[in-house]
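See structure below.
The values are calculated or read from the model by the stated rules, or taken from the named source; none is laboratory data. Note that the coordinates shown come from a computational prediction; the quantities given were computed from them, not determined experimentally. Cβ sites come from the backbone with ideal geometry, for glycine too, and all protein chains shown count toward neighbours.
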């Protein structure tokens with residue numbers, strides 16, 4: 001229901017903004033800009049789905065091998081003490097547990113292309129337990145909020161963009177992003193535990209403490225490396241782990257004496273069907289976002305915030321990163337474009353450019369995740385998923401700004 005009204009709101013605000021521009025400024029071109037954006041975004045949604053087709057086909061095939069080889073079940077048992085509390089609606093040993101673990105692990109390593117197919121697999125497994133196929137379960141909501149909060153230990157892509165932009169030290173935003181995304185994840189997790197009345201016992205607190213220790217350890221390790229080695233080491237580590245997962249899945253399949261190739265093909269066919277299924281959902285959300293942005297509503301809101309912050313006597317230097325902050329829950333490519341625009345206008349080493357990069361990496365793309373994951377299993381009633389995912393977004397963005405002031409001023 002929340003997502004329904006947010007989607008409608010994009011169109012209504014864009015329409016009212018266009019009317020206002022036409023009446024008060026005589027701008028007639030805004031209507032063409034909005035409609036052109038709708039066509040462009042519809043085509044872009046198809047391109048995204050097309051691009052995902054190969055990745056989904058590959059990884060759903062690999063996941064099928066892991067499932068038949070017993071690897072998914074193994075991971076499910078490994079994290080069962082913690083996840084059985086966060087996902088009480090999923091029976092112990094169910095394949096959904098292993099798929100959830102693999103998805104979250106891939107996200108933590110910054111492996112977006114690998115994380116999505118694993119996440120879609122997890123949604124399919126949870127949907128098999130869902131008595132109301134059109135309504136999100138508590139487990140689905142918990143899973144998607146953890147996804148949208150986007151805990152990432154290695155933000156490879158952002159460091160790469162900063163390097164391409166000519167930053168003197170492209171990896172200087174690594175620790176701020178790590179701290180911001182950890183704060184967003186923990187707050188989102190704890191808020192949902194309260195909402196879903198999940199008991200925060202010793203096991204849950206132990207795992208939260210363990211996650212915090214991992215974040216602290218990664219922070220310490222990378223902060224001890226020379227600046228020019230951080231990106232190389234993080235990219236190397238992520239790719240080694242990813243390839244090792246593929247080898248482990250194939251090895252497990254061989255050990256179980258299954259036909260690995262045929263099993264891969266079976267899973268790959270499911271990946272292709274999933275890629276086609278998500279097209280309408282992507283078109284719906286990306287067109288709405290594109291029209292909202294083309295109307296000038298996003299720029300107007302940024303201007304109002306800057307005026308308000310200045311009136312309070314607070315520092316306004318961070319406000320230049322606000323478009324990135326606002327676009328992040330809506331569009332990954334849009335927020336990336338906003339970040340690159342800030343870097344281009346102010347220089348990659350300007351404070352506002354570093355804030356934009358930290359915000360870009362603090363959480364994941366909420367509405368993209370909701371559209372793709374719920375769309376893949378035909379869930380239309382998303383309940384309170386969007387609200388709690390946006391809570392994590394807000395907390396992550398605020399943490400990114402605060403941490404940036406601590407590290408860069």
* Top-ranked residue of segment 9-18 - restricted to ones that are touching a helix residue (DSSP H, G or I) at 6+ places or on another chain (Cβ under 9 Å) and over 17 Å from residue 327 (Cα atoms), ranked as surrounded by the fewest Cβ atoms within 10 Å (Cβ to Cβ) -> 16
* If you go through segment 21-34 one residue at a time, do you hit one that is loosely packed, with under 14 Cβ neighbours inside 10 Å and under 30 Å from residue 106 (Cβ atoms)? -> no
* Asked: Which ones in segment 295-328 are touching a residue at least 40 places away in the same chain (Cβ under 8 Å) and part of a helix (DSSP H, G or I)?
  -> 297, 300, 318, 321, 325
* Within segment 372-409, can you find the residues that are under 28 Å from residue 174 (Cα atoms) and part of a loop (DSSP other than H, G, I, E, B)? -> 409
* Asked: Any idea which of 192, 178 is outside any loop (DSSP other than H, G, I, E, B) and at pLDDT 90 or above?
  -> 192
* **Failed criterion for residue 30 (all others in (1) in a loop (DSSP other than H, G, I, E, B); (2) at negative phi hold)** => (1)
* Just a yes or no: is a residue in segment 347-359 within 20 Å of the chain's Cα centre (by Cα), part of a helix (DSSP H, G or I) and under 22 Å from residue 273 (Cα atoms)? -> no
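The rows are residues; the columns are (1) in contact (Cβ under 8 Å) with a residue 24 or more places away in the chain; (2) in contact with a helix residue (DSSP H, G or I) (Cβ under 8 Å, 6 or more places away or on another chain); (3) buried (at least 19 other Cβ atoms within 10 Å of the Cβ); (4) over 21 Å from residue 242 (Cα atoms).
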| position | (1), (2), (3), (4) |
| --- | --- |
| 118 | yes, yes, yes, no |
| 122 | yes, yes, yes, no |
| 142 | yes, yes, yes, yes |
| 164 | no, no, no, yes |
| 176 | yes, yes, yes, yes |
| 184 | yes, yes, yes, yes |
| 192 | yes, yes, yes, yes |
* Residue by residue through segment 195-204, note down the ones that are outside any loop (DSSP other than H, G, I, E, B) and closer than 14 Å to residue 139 by Cα. => 195
* To do: Give segment 16-26 a look and list any residue that's part of a helix (DSSP H, G or I) and free of Cβ contacts under 8 Å to residues at least 40 places away in the same chain, or say none.
  => 16, 19, 20, 22, 23, 24, 25
* Structure fact -> Exactly one of 251, 267, 290, 334 is part of a helix (DSSP H, G or I), at pLDDT 80 or above and under 28 Å from residue 34 (Cβ atoms), and that one is 290
